[in-house]
1. Among 73, 24, 45, which one moves the most in a GNM of the chain with springs linking Cα atoms closer than 10 Å?
2. Over the chain, what is the relative contact order in percent, taking alpha-carbon pairs closer than 8 angstrom and at least six residues apart?
3. Before rounding to the nearest 500, sum -39500 (n - 2.57) across all DSSP H runs of length at least 4 in the chain and divide by the residue total; then give [θ] at 222 nm in deg cm²/dmol.
4. What is the log10 of I(q)/I(0) for segment 1-48, computed with the Debye formula using one identical point scatterer on each Cα and no solvent, at q = 0.30 Å⁻¹?
5. Ratio of the chain's C-alpha Rg to 2.2 N^0.38 Å, to two decimals?
6. Measure out, as a whole number of angstrom, how far apart the alpha-carbon centroids of segment 62-76 and segment 7-28 sit.
């Protein structure tokens, strides 16, 4: 049974390389979640990554946009992510699907 979690990206202002990506995101755009167990502040940390727009014959790079909030990351500690997408509401809102 899958579950949906809607949350906001935290610390987005700390990652200036992600600002243009955040501005260009449309509802439904794919994002990537990356666990960061070696994070000095939170071993449950989950980075939210965006894809750089790629021209033809270019590789797509991942850029950090921020983090899943710590309380939500703790709840998702053992969850398997099936998708993460930009939500339709606020600029920093994401939808995470878990198995």
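1. Highest fluctuation among the options: 24.
2. On the way: 201 pairs, mean separation 39.1, N = 99.
Contact order relative to length: 39 percent.
3. Numbers: 2 runs with 12 residues, N = 99.
Here the helix-only value at 222 nm equals -2500 deg cm²/dmol.
4. Once normalised to I(0) and log-transformed, intensities are -1.30.
5. On the way: Rg = 13.2 Å, N = 99, 2.2 N^0.38 = 12.6 Å.
After normalising by residue count via 2.2 N^0.38 Å, the value is 1.05.
6. 12 Å
Read-outs: derived from the displayed coordinates by stated rules, not from any lab. None of these values were measured; they are calculated from a predicted model.
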